[in-house]
Amino acid sequence: MTTVESIESVLERHPFFKDIEPRLVHQMAEHASLSSFETGQMIFRQGEAANQFYIISKGQVALEVFAPQQGAIPLMTLSDGDVLGWSWLFEPYIWHLDARAMVETQTITLDGAGLRAECDHNHELGYHLMKHSVEIVVQRLQAALMQVIDVYGLKKQ
Amino acid sequence: MTATVAHSPTRNLPNPMLPNPYRVQRVRKETQDTFTLELEPANGQSDFHFAAGQFNMLYIFGVGEVPISISGDPGKPRKLVHTTRAVGVVTSAMQQLKRDDMVGVRGPFGNDWPVVEAQGKDVVIVAGGLGLAPVRPALYHVLNHREKYDNVVLLYGTRTPNDILYRREVEKWRARLDVDVHVTVDRAIHPWRGNVGVVTRLIPKSPFDHLNAVAMICGPEVMIRFTVLELERRGVLPDNIFISMERNMKCATGFCGHCQWGPNFVCKDGPVFRYSEIKPFFGQRGL
Ligand SMILES: Cc1cc2nc3c(=O)[nH]c(=O)nc-3n(C[C@H](O)[C@H](O)[C@H](O)COP(=O)(O)OP(=O)(O)OC[C@H]3O[C@@H](n4cnc5c(N)ncnc54)[C@H](O)[C@@H]3O)c2cc1C
Ligand code: FES
């Protein structure tokens with residue numbers, strides 16, 4: 001089995017690609033490669049160009065924000081099966097957070113810049129990618145809101 | 001409208017309004033503002049039995065009375081265990097109690113977690129913050145009768161790693177091969193290397209069969225709301241989701257109406273509710 005074939009079969013089974021026709025998944029698989037990251041390695045850094053997104057096959061990744069006096073503050077951890085990164089899809093295509101592998105991590109890395117260019121022509125592909133990415137953004141936003149309101153610390157007034 | 005009330009011991013109480021004297025046997029600090037009291041009957045005799053999910057009214061002499069869930073093992077009812085967070089007048093006074101101090105106990109009141117209904121199924125317990133205390137008896141019950149259940153999953157979220165309740169016990173459960181325990185914190189503090197994020201994010205990847213699972217949720221109402229959403233998104237039916245509710249209480253016996261919630265009195269119809277039965281008014285303001 002070639003890498004593209006094995007990546008394609010993983011993508012087909014992944015919830016992010018549910019409802020997407022196999023021919024479109026095949027197109028996406030052509031923009032994908034396998035990557036691995038050592039424990040502690042930065043996957044991307046805030047301010048860098050966001051030209052990829054990742055599907056974590058195995059491992060754990062911390063999304064962090066760097067604060068000058070406090071260092072890296074982990075906001076969320078992602079693990080097997082999670083999709084990492086959506087800044088590649090929205091202007092200005094810059095990462096807003098740091099992503100660091102907490103353990104040895106393997107990903108399927110998708111070439112976001114290439115997919116973006118393809119979506120400009122192939123609107124069906126663009127629609128599906130946008131729809132599924134927005135679903136993830138909404139889920140993460142809900143989670144972030146719960147974190148911000150500090151539910152466990154709340155006292156009734 | 002009740003969950004699966006296996007029995008209602010309240011009806012058998014001699015006088016449910018009369019506190020029985022109990023002695024503090026042990027006080028354990030759990031986190032900065034949370035502590036556990038182990039109580040024994042002052043006269044040394046006890047036929048106290050409770051079901052997982054029930055609560056007692058604890059009376060601090062000269063201060064007042066508050067409802068607190070029983071958080072011990074229903075298989076060892078002689079040891080009456082309560083874990084409390086100091087938030088106000090009564091619970092702060094309770095925090096000052098020492099060994100051999102006296103407490104008045106009325107109870108047990110309320111219904112129980114559906115540990116019988118869950119037999120033969122996957123059990124998914126989702127707890128947030130102090131919510132692990134009221135649901136711990138259900139986990140004890142399930143682990144005491146492990147062969148009667150399929151997969152057992154505990155998903156636990158707290159504010160920071162320092163707020164993890166029963167830390168040693170959680171670590172022991174995590175080391176077992178027959179329970180899946182996942183802990184997450186909203187804010188990591190060094191040297192935490194575990195999950196960061198809200199507890200609901202643990203649900204999509206948890207090892208349970210959504211068609212054959214019973215979920216029990218305990219924690220702040222906002223957390224319950226989002227947990228229910230995520231369980232439903234995963235395909236768990238509202239009939240198989242149970243939540244524990246808190247409302248201010250006075251009599252705890254269904255007479256005064258203090259704890260009314262929609263058409264229910266939390267003290268006697270709850271505190272455990274089947275989600276499908278309270279769905280129409282759950283999360284509504286003013287209730
Ligand atoms: C069925 C049931 C089971 C419960 N089980 C437990 C338990 O196992 N452990 C436990 O610690 N508590 C539990 N509670 C909540 C507990 O009863 C209250 O925290 C307690 O009554 C507060 O009394 P107080 O006099 O200390 O605070 P008050 O002086 O009455 O209130 C002080 C402040 O705390 C706020 N407050 C009151 N209740 C709560 C609450 N539930 N959560 C957050 N803030 C609150 C008040 O609004 C006020 O701002 C349970 C409640 C119910 C109804
Ligand atoms: S507390 Fe009186 S009716 Fe519930």
Restricting the search to the stretch A:77-87, which residues are touching a Leu at 6+ places or on another chain (Cβ under 8 Å) and of a type outside the set (Val, Ile, Thr)? A:Leu78, A:Leu84
Yes or no: the stretch B:204-215 includes at least one residue that is crowded, with 18+ Cβ neighbours inside 10 Å, on the phi < 0 side of the Ramachandran plot and within 16 Å of ligand 2 (Cβ to nearest atom). no
Give all pairs with beta carbons closer than 6 Å in which a residue from the stretch B:183-207 that is within 8 Å of another protein chain (Cβ to nearest Cβ) meets a residue that is open to solvent by 50 Å² or more (accessible area, probe 1.4 Å); count only pairs at least 6 apart in sequence or on separate chains. B:Asp186/B:Arg159
Checking B:Leu165 against (1) among the hydrophobic types (A, V, I, L, M, F, W, C); (2) surrounded by fewer than 23 Cβ atoms within 10 Å (Cβ to Cβ); (3) in contact (Cβ under 8 Å) with a residue 60 or more places away in the chain; (4) away from chain A (no Cβ under 11 Å), the condition it does not meet: (4)
Would you pick out the residues in the stretch B:257-285 that are open to solvent by 50 Å² or more (accessible area, probe 1.4 Å), more than 13 Å from ligand 1 (Cβ to nearest atom), away from chain A (no Cβ under 14 Å) and of a type outside the set (S, T, N, Q)? B:Pro263, B:Glu277, B:Lys279, B:Pro280
I'd like to check something: does the stretch B:17-24 contain any residue that is open to solvent by less than 70 Å² (accessible area, probe 1.4 Å), polar (S, T, N, Q) and either at pLDDT 95 or above or away from ligand 2 (no atom under 16 Å from the Cβ) (or both)? no
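The values are calculated or read from the model by the stated rules, or taken from the named source; none is laboratory data. None of these values were measured; they are calculated from a predicted model. Backbone-built Cβ (ideal geometry, glycine too); neighbour counts: all protein chains shown. Note: areas computed on protein heavy atoms with side chains; ligands, DNA, RNA excluded. Shrake-Rupley method; radii C 1.70, N 1.55, O 1.52, S 1.80 Å.
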